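First the structure, in the form of structure tokens, and then the observations on it.
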Amino acid sequence: MAEANPMLSLDALTFQSGSAALEQGCAAISAGETVFDLGGVGAADSSAVAVLLAWQRRARAANQHLTFINVPENVQKLAALYGVDQLLPQS
């Protein structure tokens with residue numbers, strides 16, 4: 001299994017932190033990171049799904065395959081509810 005991304009250090013994926021998280025993830029993708037460990041995320045709302053999808057789009061535009069690990073359960077449930085869970089590959 002690939003190592004988790006050391007550049008991504010998030011404790012929240014919420015409306016308040018979404019823009020900063022998006023930028024941090026895009027910088028990591030630009031640096032070639034492809035595995036995002038969300039194990040440190042303690043707070044997440046529906047904005048998290050939007051951020052994960054935006055990261056996925058950025059990775060695909062860079063011809064990279066992005067994988068998420070330790071996705072918070074509520075984010076997994078929201079992605080399933082919205083019908084986009086298949087767009088967010090998890091390891």
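The values are calculated or read from the model by the stated rules, or taken from the named source; none is laboratory data. Predicted model, so just to flag it, every value in this text is computed and none were measured. The accessibility values were calculated without ligands, DNA or RNA, using every heavy atom of the protein model including side chains. Shrake-Rupley method; radii C 1.70, N 1.55, O 1.52, S 1.80 Å.
The fraction of accessible area contributed by carbon and sulfur in the chain is 51 percent, rounded to a whole number (1.4 Å probe; ligands and nucleic acids excluded). Between Thr34 and Gln64, residue separation times 0.36 nm minus the direct Cα-Cα distance comes to 10.1 nm. In order along the stretch 65-71, the phi-based Karplus estimate (6.51 cos²θ - 1.76 cosθ + 1.60, θ = phi - 60°) of 3J(HN,Hα) comes to 10, 9, 10, 10, 10, 6, 5 Hz; Gly and Pro are listed as x. Please sort through the DSSP H helices of the chain and keep those with an alpha-carbon extent of at least 20 Å along the long axis and a Kyte-Doolittle average not below 0.0. In the chain, the long hydrophobic H runs are 46-61. The amide H of Thr67, built 1.01 Å from its N in the peptide plane, has Val35, Phe36 as neighbours under 5 Å, considering only residues 5 or more places off or on other chains. Note on the chain: helix-only mean residue ellipticity at 222 nm, from DSSP H runs of 4+ residues weighted -39500 (n - 2.57) and normalised by residue number, equals -13500 deg cm²/dmol. Annotation: amide H-H contacts under 5 Å for Leu13 (H modelled 1.01 Å from N, sequence separation of 5 or more, or interchain): Ala43, Ala44, Asp45.
Overall, the anisotropy analysis places the stretch 28-69 in the oblate class: the square-rooted eigenvalues a ≥ b ≥ c of its C-alpha gyration tensor yield a/c not less than 1.5, with a/b not exceeding b/c. Mean silhouette area of the chain, derived from the convex hull of its C-alpha atoms and averaged over all directions, reads 5.1 nm².
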